[in-house]
Amino acid sequence: MRAAGRVAVVKGSWMGSGRHEQAQSNAIRGQSMSKVHAHRRRARGFTLVELAVVVAIVAIVLVYSTSSYKSITTQNRMASEINDISTDVELARSAAIKQGLPVTICPSANASTATPSCSGSASWNTGWIVFIDTTGNQTFDKTTGDTLLRMHAGLQAGDTLAGSTGTSATGTFSGSVSYLTFNRMGGTSIGGGTNFAALSLHDSASTSAFTRCLIVSFTGQGTIDTQISNAGVCP
């Protein structure tokens with residue numbers, strides 16, 4: 001009987017221990033499963049609404065940055081173009097004073113060829129040439145001793161450069177300017193009984209904020225204006 005009692009006690013103790021271990025094992029398994037589920041919840045990714053918000057933000061940033069980039073490149077290109085024509089007008093004037101001969105700058109549709117010529121047009125965006133015009137007839141002719149000093153190819157991106165005349169440096173400008181010929185004193189005859197010429201630069205969309213112009217007086221002096229710095233001057 002005593003032996004049987006000891007066996008029963010040992011058996012009961014072993015069974016109790018087994019239940020405890022089983023309970024611990026189940027608890028551990030439950031914690032592990034909870035962590036797996038929690039990890040899965042965290043790793044599920046973006047919701048459709050979150051993704052839509054991100055796409056919208058990226059689109060707005062791209063539109064703004066593209067617009068800003070286009071504005072900057074356009075302004076830089078046009079600043080370079082107006083500086084080019086201003087430099088070449090000054091070259092024509094200084095060469096006339098130095099050589100003591102007439103020097104003409106005029107628009108040209110074939111400025112890059114071996115025998116360029118003045119186009120006779122008021123559209124300077126096709127390009128232009130600067131030459132010593134020994135006879136003062138606004139025609140480049142090597143046989144009469146004319147010398148080509150500078151040539152400039154046409155403008156890019158649809159930019160336009162038009163010549164017009166005015167009675168004052170602040171306008172109103174009208175008429176047309178198809179050449180500027182400087183004399184040995186550095187002055188120029190604008191034509192049409194006016195004292196000022198304007199070479200106005202516009203982008204392809206004629207954006208007012210980008211407009212620039214070179215105002216040349218009968219004394220040969222040139223001044224660059226913009227719609228921002230001096231609104232209403234550039235035609």
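Using 1/(1 + (r/R0)^6) with R0 = 22 angstrom and r between the beta carbons of N195 and N230, what's the FRET efficiency to the nearest 0.05?
Details: r = 18 Å, r/R0 = 0.82.
With R0 = 22 Å, the Cβ-Cβ based efficiency is 0.75.
Estimate the FRET efficiency between S123 and S68 by the formula 1/(1 + (r/R0)^6), using the beta-carbon distance for r and 35 Å for R0, to the nearest 0.05. Numbers along the way, then the final one.
On the way: r = 31 Å, r/R0 = 0.88.
Rounded to the nearest 0.05, the efficiency is 0.70.
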* Cα-based equivalent ellipsoid, region 69-226: semi-axes from gyration tensor eigenvalues, Å -> 25, 18, 13
* For D133, net neighbour charge (Lys/Arg +1, Asp/Glu -1) across residues whose Cβ lies under 14 Å away -> +2
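Counting only other residues whose beta carbon sits under 14 Å from that of S86, what net charge do I get with K and R as +1, D and E as -1?
Details: positive: R93, R150, R212; negative: E81, D84, D88, E90, D225.
Once positives and negatives cancel, what remains is -2.
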* Structure fact -> If the chain between V61 and D84 were fully extended at 0.36 nm per residue, the gain over the current Cα-Cα distance would be 4.8 nm
* Give the residues of region 74-102 whose amide nitrogen is closer than 11 Å to a point set 7 Å from the Cα of K142 in the direction of its Cβ. => none
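Could you calculate the FRET efficiency of S208 with S94 from 1/(1 + (r/R0)^6), where r is the beta carbon distance between them and R0 is 41 Å, rounded to 0.05?
Numbers: r = 33 Å, r/R0 = 0.80.
The computed FRET efficiency comes out at 0.80.
Quick one: net charge of N183's neighbours, Cβ under 14 Å, K/R +1, D/E -1? If you can, show how the numbers build up before the last one.
Details: positive: R93, K98, R184; negative: D133.
Surrounding charge for N183 is +2.
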* To do: Could you pull out which residues in region 193-222 have an amide N less than 13 Å from a spot 7 Å beyond the Cα of M185, following the Cα-Cβ vector?
  => 218-220
* Which listed residue (Q227, T135, H152) has the Cα farthest towards the positive end of the charge dipole for region 93-235, taking +1 on Lys and Arg C-beta and -1 on Asp and Glu C-beta about the Cα centre? -> T135
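Just so you know, all these numbers are worked out from the coordinates, no wet-lab data involved. Keep in mind that this is a model prediction, so the values were computed, not measured. Every residue, glycine as well, gets a Cβ built from its backbone with ideal geometry; the counts of neighbours run over all protein chains shown.
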